[in-house]
Amino acid sequence: MMMAIEVRDLTKRYKGNGFAAVDHISFNVESGEIFALLGPNGAGKTTAIKILTTLLKPTSGTAKVAGFDVGKDKDSVRKSIGIVFQEPSLDWRLTGRENLDFHARIYGIGRKEREKRIEEVLKLVELEDKADVAVDKYSGGMKRRLELARGFIHNPKVLFLDEPTLGLDTHTRRRIWDYIRELNDSEGATIVLTTHHMEEADYLCDRVGIMDQGKIIALDTPTNLKDLIGSDVVSLEMNTTYNVEVFKKLDFVTEFRKHDNFVTLKMERGDLRIPAIMEVAKLAGIEIKSVNLRKPSLEDVFLHFTGRRIRE
Ligand SMILES: Nc1ncnc2c1ncn2[C@@H]1O[C@H](COP(=O)(O)OP(=O)(O)O)[C@@H](O)[C@H]1O
Ligand SMILES: [Mg+2]
């Protein structure tokens, strides 16, 4: 498998800080993957991205992007990547199309190819209708979409997105997720993003590196990470004077607890088991008032490793 990114023992100490902002991290990203660094504010995500995009020199360690060393072969790295930063960097006086055109010129893309690419990326983020409107008339979501389009216009092998949905509302955030997936699907580019939003990492990414205090504390697919925490939890609300032992006897139940007006059951794939549980309740004449299925989230994974929540 071709590696889009290879990071070995990467460390960054800012002058004056007594700690490493990035502390001996190592990971690979395969070509075509969507990969996230997930962690709270100050975890070191932006610092890591700045090193990978050649904007910051590491204190020690090595990183290769698209096969090129970020220290020894800066120009080749820069030609291979697209970047969308946390802070918007569009020219607001220009139209969407002009912003894209300006950027494509910087990359030395010829006129014909430029015009074709601009149409393609505008279509991808559904901004064709607004292409000739000045960016200062755009909503926050539209600006973000234009930045995605711009980051992608020169067909980079690897696209870096630093907190791509920061400050956007839930609806706009979901649309951005879909565009990111679409970019990945249709153009096959590797995407590396940072986020402190666990659902974003979960929904979007093939693999997630969870970062805290400069270190990667866990790295795997979202599913495998959540499986570390264990099974689904199904809580049934009922009058527990019923004989609730029937639930304990179900062969897929790995843990049984009775408390207050609830019976709590642990099991794999609770989503598939709820019908059988309801059937057993019915046969035993037990009236269930409510059912709640809780899946472990990446927040639970972070909590498991650090004893803290991501959002604090
Ligand atoms: N230019 C800088 N000089 C000194 N310290 C910095 C600088 N940039 C970031 N830091 C510190 O490095 C740590 C990691 O920051 P950052 O990489 O921005 O984390 P994140 O993107 O995960 O929020 C933080 O403690 C931050 O205060
Ligand atoms: Mg950051």
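The values are calculated or read from the model by the stated rules, or taken from the named source; none is laboratory data. Owing to the predicted nature of the structure, the values given are computational and were not obtained by experimental measurement. So basically every Cβ, Gly included, is an ideal-geometry build from the backbone, and we count neighbours across all protein chains shown. Remember, those area values only see protein heavy atoms, side chains included, never the ligands or the DNA or RNA. Shrake-Rupley method; radii C 1.70, N 1.55, O 1.52, S 1.80 Å.
Some notes on this structure:
- Across region 231-251, the number of residues qualifying as of a type outside the set (A, V, I, L, M), in contact with a helix residue (DSSP H, G or I) (Cβ under 9 Å, 6 or more places away or on another chain) and touching a residue at least 24 places away in the same chain (Cβ under 8 Å) comes to 4.
- Filter result for the condition that a residue is touching a residue at least 60 places away in the same chain (Cβ under 8 Å) and surrounded by 23 or more Cβ atoms within 10 Å (Cβ to Cβ), over Leu159, Leu124: Leu159
- Residue tally, condition β-branched (Val, Ile, Thr) and open to solvent by 50 Å² or more (accessible area, probe 1.4 Å), over region 197-228: 2
- Residue check, Glu299 open to solvent by less than 70 Å² (accessible area, probe 1.4 Å) and part of a strand (DSSP E or B): no
- Unique residue being among the basic types (Lys, Arg) and either without any contact (Cβ under 8 Å) to a residue 24 or more places away in the chain or outside any helix (DSSP H, G or I) (or both) when the list is Arg273, Arg181, Arg174: Arg174
- Filter pass, Lys45 being within 16 Å of ligand 1 (Cβ to nearest atom) and either of a type in the set (A, V, I, L, M, F, W, C) or over 27 Å from Asp132 (Cβ atoms) (or both): yes
- Subset of region 199-211 [assigned to a helix (DSSP H, G or I) and either closer than 12 Å to Pro164 by Cβ or within 14 Å of ligand 1 (Cβ to nearest atom) (or both)]: Glu200, Ala201, Leu204
- Some residue of region 184-196 being at negative phi, in the same structural domain as Lys45 (by TED's automatic domain parsing), loosely packed, with under 15 Cβ neighbours inside 10 Å and away from ligand 1 (no atom under 16 Å from the Cβ): yes
- Selection status of Thr240, touching a Cys at 6+ places or on another chain (Cβ under 9 Å) and open to solvent by 10 Å² or more (accessible area, probe 1.4 Å): no
- When region 21-61 is filtered for residues that are of a type in the set (D, E, K, R), more than 16 Å from ligand 2 (Cβ to nearest atom) and open to solvent by 40 Å² or more (accessible area, probe 1.4 Å), the ones remaining, listed by number, are Glu30, Lys57.
- Scanning region 252-266 for residues that are in a loop (DSSP other than H, G, I, E, B), at pLDDT 85 or above and not aliphatic (A, V, I, L, M) returns Phe252, Thr254, Asn261.
- Single residue of Lys72, Lys12 found to be in contact with a helix residue (DSSP H, G or I) (Cβ under 7 Å, 6 or more places away or on another chain) and charged (D, E, K, R): Lys12
- Filtering region 77-95 to residues that are within 26 Å of the chain's Cα centre (by Cα) and more than 16 Å from ligand 1 (Cβ to nearest atom) leaves Val77, Arg78, Lys79, Ser80, Ile81, Gly82, Pro88, Ser89, Leu90.
- Within region 189-230, tally of residues that are touching a Cys at 6+ places or on another chain (Cβ under 9 Å) and either free of Cβ contacts under 8 Å to residues at least 60 places away in the same chain or among the small types (Gly, Ala, Ser) (or both): 1
- Residue that is modelled with the lowest pLDDT [pool: residues in region 72-87 that are open to solvent by 50 Å² or more (accessible area, probe 1.4 Å) and either charged (D, E, K, R) or away from ligand 2 (no atom under 16 Å from the Cβ) (or both)]: Glu87
- Some residue of region 57-64 being within 16 Å of ligand 1 (Cβ to nearest atom) and under 17 Å from Asp212 (Cβ atoms): no
- Number of residues in region 262-281 that are in contact with a Ser or Thr (Cβ under 9 Å, 6 or more places away or on another chain) and either open to solvent by less than 80 Å² (accessible area, probe 1.4 Å) or of a type in the set (Asp, Glu) (or both) equals 8.
- The conditions of being modelled with pLDDT under 95 and under 28 Å from Ser76 (Cα atoms) are met by Glu182.
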